[in-house]
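Data block below; observations after.
The values are calculated or read from the model by the stated rules, or taken from the named source; none is laboratory data. Just so we're clear, the structure is a prediction, and the values are computed from it rather than from any experiment. Heads up, the Cβs are rebuilt from the backbone with ideal geometry, glycines too, and the neighbour counts pull from every protein chain shown. These accessible areas exclude ligands, DNA and RNA; they are computed on the full protein's heavy atoms, side chains included. Shrake-Rupley method; radii C 1.70, N 1.55, O 1.52, S 1.80 Å.
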Amino acid sequence: MKKILWIYSLVITALLVQACSSKQIKEEKTAASSEDLYTCSMHPQILEHHPGNCPICGMTLIKKNAAPVALNNIELESLLKPANEFVVSSLTVTTAEEKNMNIPVKVYGTVEYDTRAAGSISARVSGRIEKLYLRYRYQQVEEGQKIMDIYSPELLTAQQNLLFLLKSDADNISFIDAAKQKLLLLGMSETELNKVVQTGKPLFTVSVYSNYSGHVHDAGMNNDVASSDMKNNASLTEELYLKEGMYVQKGQTLFMIMNHHQVWAALQIFPNEQSLVKKGDTVHILPETDTTAVINGEIDFIEPFFRGNSKTLTVRVYFHNMNMLPIGSHVTANIYSYTVHGLWLPVSAVLSLGANEIAFKKEDGGFAAHKITTGIRLNNYVQILSGLNITDTVAANAQYLVDSESFIKISSK
């Protein structure tokens, strides 16, 4: 009997020891599991005691071995602001300026001869061309240059009358002076007249000189024809109509001399801008051949008709062609016709999102995306129609505050 009781007590003791060991192991596992933390790689503020998904972005939580650290002095307002609405930064800021901006009308045109400075060389007497010194169109001529020698029966007769008076009635000064004056009016030069008086022999050919400087054109060529011919390279060396041996009539126009120093810019104004342009407006002209040379002028004349089949209105800006711009060359011009008053912000402070435009308005501790409405863009400035006032401060460079346009949530406040 004693032996049975001793065996029973041993069994009871073994069961109690086993139960205590299992409880200790379970407590140790529970304690170990309570120390495991899980967090999100994109949102480290998320801390969980069990695996799962991030409640913000849905990513799988990863195990975090480090014990959590308490954060102090964090305002609730900062925690509640999404990152796509508010950006903490210390960038340079700027404000909108209220001022008047002179708005230019950008137009295009060409350089043309100023027909007011054109001169014509006409035949003062009838005769035959013995020698021609001009050979092709657009040949440059200087004032006083000999252009042809002409034989004229009328000039020959007038010389003979002068020589007769000098020989038979030398004391009749009034008749002699009248005969000399007639020869001068018929185109004879002072040098040739003195030569006739000194030698006592008439000249069979008399030289014709140019009274103008410029480029030679055939008689009857107007400015439009000259400009169109300049576009044709073959016409640059085209011969003149007049040839040696041809007869000319008294009063016939022989050549047109176009002054290449006196020109105008013919600027084309489109219908939607014609009401904005008026005579006297300031114009800045940029030649295509030299974009660094700015020609300043003003609108001198507005043509009251449309050229050909064109529906653009032509305005003229007269200027002295000091840069020797080729006739027919293209120019770009800005006509400053009116001013606009309003708020103006640097272009860099405005970010375009396609359908919307925003500026980052300065607020406590950072910048908030703010929707604005813009108007005219000019000289790195943009007109602000709505969304900002003159007291608002915005980021000077909106591009620095975003990584992607798709992350921006606009505030309409």
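List of remarks:
- Of the residues ASP218, ASP364, ranked by 1.4 Å probe accessible area with the largest first, the sequence reads ASP364, ASP218.
- Accessible surface of the range 242-346, 1.4 Å probe, proportion on carbon and sulfur as whole %: 55 percent
- With all pairs of separate Cα atoms included, the range 275-386 yields a Kirkwood hydrodynamic radius of 17.8 Å.
- Each of the peptides 278-291, 160-173 was scored by the mean count of other Cβ atoms within 10 Å over its residues; in descending order, highest first, they stand as 278-291, 160-173.
- Close amide H pairs (under 5 Å, H built 1.01 Å from N) link GLU130 with ASP149, ILE150, TYR151, GLY245, residues at least 5 positions away or on another chain.
- Theoretical gain in end-to-end length, TYR338 to LYS195 [0.36 nm per residue, Cα-Cα removed]: 45.0 nm
- Pairs from the table (LYS131/LYS182; LYS106/LYS311; LYS106/LYS278; LYS180/LYS201) lying more than 20 angstrom apart at Cα are LYS131/LYS182.
- Cα shape, the range 96-140, gyration tensor, a/c 1.5 rule: prolate
- Note that the range 271-400 presents 52 Å² accessible area per residue, ligands and nucleic acids not counted, probe 1.4 Å.
- With 30 Å as the limit, the listed pairs LYS63/LYS371; LYS99/LYS371; LYS250/LYS279 have LYS63/LYS371; LYS250/LYS279 beyond it between alpha carbons.
- Accessible surface of the range 162-208, 1.4 Å probe, proportion on carbon and sulfur as whole %: 59 percent
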